[in-house]
1. Between residues in region 1-14 that are within 13 Å of Trp86 (Cα to Cα) and residues that are part of a helix (DSSP H, G or I), which pairs lie under 7 Å by C-beta distance while being six or more apart or on different chains?
2. Could you tell me whether region 116-124 includes any residue that is within 13 Å of the chain's Cα centre (by Cα), on the phi > 0 side of the Ramachandran plot, assigned to a loop (DSSP other than H, G, I, E, B) and of a type outside the set (Asp, Glu)?
3. Looking only at region 144-190, count how many residues are at pLDDT below 95 and under 15 Å from the mean Cα position of the chain (by Cα).
4. Which of the residues that make up region 125-161 are out of contact with any Lys or Arg (no Cβ under 7 Å at 6 or more places or on another chain) and in a strand (DSSP E or B)?
5. Residue by residue through region 74-94, note down the ones that are within 15 Å of the ligand (Cβ to nearest atom) and within 24 Å of Lys147 (Cα to Cα).
6. Within region 95-109, take every residue that is away from the ligand (no atom under 16 Å from the Cβ) and farther than 19 Å from Arg21 by Cα and give me the one that is surrounded by the fewest Cβ atoms within 10 Å (Cβ to Cβ).
7. I need a count of the residues in region 51-73 that are surrounded by fewer than 15 Cβ atoms within 10 Å (Cβ to Cβ) and away from the ligand (no atom under 12 Å from the Cβ).
Amino acid sequence: CTSIAELEKAIRDFEGCALKRTAKNTVFADGVAGAPVMIVGEAPGADEDRIGKPFVGVSGQLMDRMFEAIGMSRARDLYITNILFWRPPGNRTPTLAEQAICLAFTRRHIELARPRLVVLAGGTSAKAILDTTEGIMRLRGKWTSLKLDDGSEVPTLPTFHPAYLLRTPASKRQSWWDLLAIDKKLRELG
Ligand code: URA
């Protein structure tokens, strides 16, 4: 695929992931393609499946408020997607096979969107994109350079998933440091 529109069509036409059969919608992306920050989450939940857009439920609303705190909005500064384009039944964690099937699409998505930086929301996304078995507790808050297949590299920051923050509000403190680090990095990048 050589454009985001082509990639979206390829994903919508793709029949290689069994999750598509139980999902109501293909959830591709939201926000602005070409925005400076690209957020990659895990998989659509019930609200996302119903509406067809990523991060529109309660955890997405928290994510919006967090980015608003550093002056960034979905309408202008963010491009949002997930590792998986279809909701796993009952919101179970996607299997490694399901993740592997969708990963090539997501990596190409990052190449085509060319964000200034990538934010990986939660352990599943971080492990899949960074190809590591390291957990989110160790990965979070540490910048890494994500190497893409076209030879480009993009600064990437794993952070807690907003659903985790809803369950564990005390961790919001670390997420606030991550938001400040994102703001700082964007300023450094100019
Ligand atoms: N959680 C995710 O990881 N992605 C969504 O789109 C919604 C909830």
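The values are calculated or read from the model by the stated rules, or taken from the named source; none is laboratory data. Treat the numbers as computed from the prediction; the structure is a model and nothing was measured. All Cβ positions, even for glycine, are placed from backbone atoms using ideal geometry, and neighbour counts span all protein chains on display.
1. Pairs found: Ile11/Phe105.
2. Yes; the residues of region 116-124 include at least one that is within 13 Å of the chain's Cα centre (by Cα), on the phi > 0 side of the Ramachandran plot, assigned to a loop (DSSP other than H, G, I, E, B) and of a type outside the set (Asp, Glu).
3. 0
4. Within region 125-161, Thr144, Ser145, Leu146, Lys147, Val154, Thr156, Leu157 meet the criteria.
5. Leu78, Tyr79, Ile80, Thr81, Asn82, Ile83, Leu84, Phe85, Pro94
6. Ala104
7. 5
Quick grid of which residues meet (1) hydroxyl-bearing (Ser, Thr, Tyr); (2) over 20 Å from Gln174 (Cα atoms); (3) in contact with a strand residue (DSSP E or B) (Cβ under 9 Å, 6 or more places away or on another chain):
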| position | (1), (2), (3) |
| --- | --- |
| Ala69 | no, no, no |
| Pro89 | no, yes, no |
| Leu120 | no, no, yes |
| Thr144 | yes, no, yes |
| Pro158 | no, no, yes |
